[in-house]
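Worksheet: the structure to be examined is printed underneath.
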Amino acid sequence: MKTSNNISLYQEGSTLNKSIIFIHGFPYDHFMWKSQIRFFKVNYNIVSYDIRGLGNSFASDGQLTLESFVDDLETIIDDLNLNKPIICGLSMGGYILLRAVERFEHKLGGIILCDTKSEADSNETKLRRAAGIKKINTEGVKKFVADFVPTCFTEESINNSDDYSEILTRSINSDPAGVKGCLLAMAGRTDTSEYLEKIKIPALIICGEKDKLSPPDSMKELAKKINGSEFILVPEAAHMSPVENPGFVNEAIENFLEKYFK
Ligand code: MLT
């Protein structure tokens, strides 16, 4: 299904139930939420989608911004007429979610932030994004993705996860213009740290114990700034905790949902 703004959208479960929207990380697509979708569709209306430029949501001219990603999310909420959905975002999905809370918290019911951060890119990270774009231009998107994706998983997850090779294959086949557009969007995003202490809706913070991109210590600090939020450390997981330890993550999310939304 396509939304009015041409985003590929996937809906599962009954639309009569409370809605959860899942926003994937970079450079993935909605498939990374497979285990969460299967588990939560029984009791919730599940909406996932491909961020513009990735999966089946086309990049068009590739001129993407984090703000345009947040516009896309708002259009999904409005098009589907969702009443205060709970939103779960991983990494880049979390950047989108944190900016969405800042822009329209009144439209959201609760937030689940997985392996993400509120700070904008440091100079070092911006230079890494630029080097990534150069690599895509000179060596191709397949090489860029094949080098990047393994850095997000533990060695054990790479060897044992049923979904790892599917996730890698899907991202390797991404549109280069979309991947470069996402790198530019992330490099140009604003810092959302100041709004953390103003967040009033329930928040759950989830982090893989071996996450090197958004490490546990920095996510604990993020959790401390959001009043009443809970922090969950996921064993046997790096940056892709919902994929690497889905049972543990699903239980943490379930407990959060039962506490605030049942
Ligand atoms: C992601 O998983 O979305 C990316 O690692 C985020 C980033 O590169 O900052």
Task: Projected label distance in nm at GLU105 and ILE158, using a 7 Å step from Cα toward the beta-carbon - done: 4.0
- [ ] Could you check what % of the DSSP bridge pairs in the stretch 1-81 are antiparallel, to the nearest 5?
- [x] 50
Task: For the stretch 185-211 versus the stretch 86-111, the gap between their alpha-carbon centres in whole angstrom - done: 8
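Treat every Asp and Glu Cβ in the stretch 2-261 as -1 and every Lys and Arg Cβ as +1, leave all other atoms uncharged, and give the resulting dipole magnitude about the Cα centre to the nearest 20 debye. The partial results should precede the final answer.
On the way: 29 positive and 37 negative charges, 83 e Å.
Dipole about the Cα centre, nearest 20: 400 debye.
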- [ ] Using the charge dipole of the chain (Lys, Arg: +1 at Cβ; Asp, Glu: -1 at Cβ; taken about the Cα centre), state which of ALA100, PHE231, ILE46 has its Cα farthest towards the positive end.
- [x] ALA100
Open item on the list: I'd like the Karplus ³J(HN,Hα) series for the stretch 240-246: coefficients 6.51, -1.76, 1.60, θ = phi - 60°, whole numbers in Hz, and an x wherever there's a Gly or Pro.
Closed with: 10, 3, x, 8, 7, 9, x
- [ ] Would you list, by chain and number, the lysines whose Cα falls below 21 Å from the Cα of LYS135, excluding same-chain residues fewer than 8 positions away?
- [x] LYS126, LYS143, LYS180
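Could you work out the local net charge near TYR10, counting Lys and Arg as +1, Asp and Glu as -1, over the other residues with Cβ closer than 13 Å to its Cβ?
Working: positive: LYS2, LYS34, ARG38, LYS41; negative: GLU12, ASP29, ASP50.
That works out to +1.
Going by the alpha-carbon gyration tensor, a ≥ b ≥ c the square roots of its eigenvalues, is the stretch 145-212 rounded (a/c under 1.5) or, if a/c is not under 1.5, prolate (a/b greater than b/c) versus oblate? Please list the in-between numbers first.
Details: a/c = 2.65, a/b = 1.37, b/c = 1.94.
Judged from the Cα gyration tensor, the stretch 145-212 comes out oblate (a/c at least 1.5, b/c at or above a/b).
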Open item on the list: Restricted to Cα positions, what overall size does the stretch 2-261 have along the principal axes? Three whole-Å values, descending.
Closed with: 49, 40, 37
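Where both partners of a DSSP beta bridge lie in the chain, what percent of those bridges are antiparallel, to the nearest 5?
Values: 5 of 28 bridges.
Here the share of antiparallel DSSP bridges comes out near 20 percent.
Divide by every residue of the chain the summed helix terms, -39500 (n - 2.57) for each DSSP H run of at least 4, and state the resulting mean residue ellipticity at 222 nm, rounded to the nearest 500 deg cm²/dmol.
Working: 11 runs with 116 residues, N = 262.
Helix contribution divided over all residues of the chain: -13000 deg cm²/dmol.
Bear in mind these aren't lab numbers, they're just calculated from the coordinates by the rules spelled out. All figures in this text were calculated on a predicted structure; none of them were measured in a lab. Backbone-built Cβ (ideal geometry, glycine too); neighbour counts: all protein chains shown.
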